[in-house]
1. Here are 74, 95: which of them is more than 11 Å from the ligand (Cβ to nearest atom) and touching a helix residue (DSSP H, G or I) at 6+ places or on another chain (Cβ under 6 Å)?
2. Looking at (1) surrounded by fewer than 16 Cβ atoms within 10 Å (Cβ to Cβ); (2) under 16 Å from the mean Cα position of the chain (by Cα); (3) at pLDDT below 90; (4) part of a helix (DSSP H, G or I), which is the one condition that is false for residue 62?
3. For residues that are over 16 Å from residue 93 (Cα atoms) and either modelled with pLDDT of 95 or more or in contact with a strand residue (DSSP E or B) (Cβ under 8 Å, 6 or more places away or on another chain) (or both), tally how many sit in segment 113-154.
4. Here are some conditions: (1) within 16 Å of the ligand (Cβ to nearest atom); (2) free of Cβ contacts under 8 Å to residues at least 40 places away in the same chain; (3) over 28 Å from residue 51 (Cα atoms). Residue 84 meets all but one. Which one does it not meet?
Ligand code: FES
């Protein structure tokens, strides 16, 4: 996203917060308004909303993931968001990222052909002292090492075979 687009989005979110309020109660109406206007909620928008309403970024990501009508783009059943901000970066998030890409056969920004997994970058999730941090849907994982990647992915596959998503669901 280019700088002017980001500035426009920041201004738009500030305007929405002016209308709906700057607290947690404004989270849903603001996200819904963004979804209506843009047909998706970008990672940048999620970070901006979190900062402006002073809620934890994880909460915003979780709300977007939970409500199927709030779409963060075309996504798999499991959306993995790995933090790429400085603290996690210094704790070898690159190794974790490479392992994910190798195991899933996709790059960040892509979804597996079977629609199971999407890999995305996130900015700071507010778990900096426990990095590398990542979210799998609304579940937070901290101190993720590349050795743990396989287990996390297997855990997702297992939970899906036990609790498949309802037909037509997200
Ligand atoms: S830098 Fe990764 S959670 Fe803050």
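1. Just a single option satisfies the conditions, and that option is 95.
2. (1)
3. Number satisfying all stated conditions: 7.
4. (3)
Conditions (1) modelled with pLDDT under 95; (2) surrounded by 16 or more Cβ atoms within 10 Å (Cβ to Cβ); (3) assigned by TED's automatic domain parsing to the domain that holds residue 150, marked per residue:
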{"position": "38", "(1), (2), (3)": "yes, no, no"}
{"position": "44", "(1), (2), (3)": "yes, no, no"}
{"position": "88", "(1), (2), (3)": "no, yes, yes"}
{"position": "102", "(1), (2), (3)": "no, no, yes"}
{"position": "111", "(1), (2), (3)": "yes, yes, yes"}
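The values are calculated or read from the model by the stated rules, or taken from the named source; none is laboratory data. Because the structure is a prediction, the values reported are computed rather than measured. Virtual Cβ from ideal backbone geometry, glycine too; neighbours counted across all protein chains shown.
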